[in-house]
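A short write-up of the structure that comes next.
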Amino acid sequence: MPSEKPHSADRLARAVLRTVAALPRPVQRLLGGRPLRIDGTELDTEVQLGLRLMTLAAGTTFEKLPLPEGRAQIDREAWIVGAASEVGEVRELTVAGADGPIPARLYRPHHDPGLRLPLLVYFHGGGFVLGGLGAADSVCRFLAAKAGVAVLSVDYRLAPEHPFPAGVNDAIAAFDHAIAHADDLGIDPTAVGVGGESAGGNLAAVVSLATTIEARTRPDRRTPDFQLLFMPVTDLSSKHRSYELFGDGLFLTEAQMDWYRDHYLTDPAQAVDPLVSPLLAEDLSGLPPAYVATAGFDVLRDEGEAYARRMREAGVPVGIRRHPGIVHGLVNATGVGQAATAALAEAAGALQIGLRSSVPATNGGRR
């Protein structure tokens with residue numbers, strides 16, 4: 001939710017989108033226009049209508065605004081399309097970042113308070129430049145409620161004030177903090193996964209990669225037990241075919257990805273660093289099991305699926321799921337559509353299985 005009280009225009013937009021989402025599909029199709037088909041796939045009816053409404057209501061897009069205004073706009077949009085799933089506890093706290101404490105938010109489902117739950121350390125999207133705890137609130141609540149796990153949302157530092165590798169270093173530090181402070185968080189330190197959407201998916205993948213590389217020479221190094229990657233950025237060094245197919249008019253654009261990259265990196269040569277582009281890592285063996293969800297109408301579709309395939313080829317257990325009719329970031333829109341809810345529910349099931357299967361049978365998750 002935005003840090004300030006929602007504007008009346010935001011409340012109206014939220015109400016309108018929920019009303020439209022409840023319309024029968026034939027009515028949505030009539031309002032949304034002729035079906036859009038690209039690369040053999042048809043855009044979901046409610047998604048197409050939602051995009052049309054956003055286009056009609058849109059002012060200046062975030063990358064053309066002063067940075068504080070762009071960040072505020074993204075937070076408002078997240079509140080408009082999101083939903084606040086009921087959970088047992090939401091706690092504001094700080095965790096150790098690489099250069100000092102950073103804000104975080106812990107979500108716990110309705111469970112026995114004494115139960116040591118598996119934990120997902122979650123990193124929000126926003127191209128390494130935008131987003132925050134409020135923007136990720138809807139997804140984190142949903143995953144906690146539906147998967148029955150605790151979720152720790154991390155407000156890592158953003159570019160351009162803190163360019164690469166600040167966000168990476170904060171993400172690794174936050175993962176380590178969660179394990180070291182398992183008692184305070186009420187979680188099982190033997191079942192800690194990482195996840196995120198878009199840039200956050202990149203950070204989750206990079207935490208897994210960096211800790212796995214370190215563990216090859218330091219056996220006591222803890223690595224995540226599971227990766228939950230929503231539409232992740234995996235290659236900032238090149239533009240895959242999906243950029244050509246979906247680069248404009250489908251929520252996340254090629255121009256916006258260029259803007260993100262230019263803010264995140266201080267030198268274009270950094271794009272080939274595997275901690276920026278994990279797809280370029282030479283060796284992906286030993287990474288944690290993963291669930292990778294991509295969107296059929298997304299510039300990041302092909303690089304996300306390429307990374308999933310490379311992990312699988314390296315012997316990593318990977319579930320790859322393309323949601324054919326949706327656009328980038330739709331998992332955040334659980335308040336306005338069936339497609340978002342279905343995609344996130346499937347991911348919650350994978351998360352529940354992936355983390356709970358990592359808990360030793362001898363402790364049952366309780367210590």
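Among D258, D155, D39, the largest mean-square fluctuation in a Gaussian network model of the chain (Cα springs under 10 Å) belongs to D39.
Highest mean packing comes first when the peptides 98-104, 181-187, 76-82 are listed by Cβ atoms within 10 Å, giving 76-82, 181-187, 98-104. Remark: spin-label model distance A215-E42 equals 4.4 nm, labels positioned 7 Å along the Cα→Cβ axis.
To the nearest 10 degrees, how steeply does helix 166-180 sit against the main Cα axis of the chain, on a 0 to 90 scale? Compared with the principal axis, the helix lies near 50 degrees. Within the listed set R108, R71, R34, the residue fluctuating most in the Gaussian network model of the chain (springs between alpha-carbon atoms under 10 angstrom) is R34.
The packing ranking of peptides 14-26, 119-131, highest mean first, is 119-131, 14-26, where packing means the average number of other beta carbon atoms within 10 angstrom of each residue. With K and R counted +1 and D and E -1, the other residues having a Cβ less than 9 Å from that of R322 yield a net charge of +1. The angle separating the long axis of helix 199-215 from the principal Cα axis of greatest extent in the chain is about 20 degrees. Based on C-alpha pairs under 8 angstrom that are at least 6 apart in sequence, the chain has a relative contact order of 19 percent.
With every protein chain in place and a 1.4 angstrom probe, the accessible-area ranking of D248, D75, largest first, reads D248, D75.
Farthest toward the positive end of the dipole of the chain, out of Q28, T223, G132, is the Cα of Q28, where the dipole comes from beta carbon charges about the Cα centre.
Note on the chain: with a GNM built from Cα contacts shorter than 10 Å, the maximum mean-square fluctuation among F62, F230, F142 falls on F62. Using only Cα atoms and rounding to the nearest 10 degrees, what angle (0 to 90) does helix 301-313 make with the longest principal axis of the chain? Once rounded, the angle reads 30 degrees. Couplings 3J(HN,Hα) for segment 133-140, derived from phi with the Karplus relation 6.51 cos²θ - 1.76 cosθ + 1.60 (θ = phi - 60°), are 4, x, 5, 9, 4, 4, 5, 5 Hz, where x marks Gly and Pro. The charge dipole of segment 212-330, taken about the Cα centre with unit charges on the Cβ atoms of Lys, Arg (+1) and Asp, Glu (-1), comes to about 500 debye, rounded to the nearest 20. Taken along the Cα-to-beta-carbon direction at a fixed 7 Å, the label points for R34 and S285 span 5.3 nm. The gain in end-to-end length when the T266 to S237 segment is fully stretched comes to 9.1 nm, 0.36 nm per residue minus the alpha carbon separation.
The values are calculated or read from the model by the stated rules, or taken from the named source; none is laboratory data. What you see is a predicted model; the values in this text were computed from it and never measured. Cβ sites come from the backbone with ideal geometry, for glycine too, and all protein chains shown count toward neighbours. Keep in mind that these areas ignore ligands, DNA and RNA; they rest on the heavy atoms of the full protein, side chains included. Shrake-Rupley method; radii C 1.70, N 1.55, O 1.52, S 1.80 Å.
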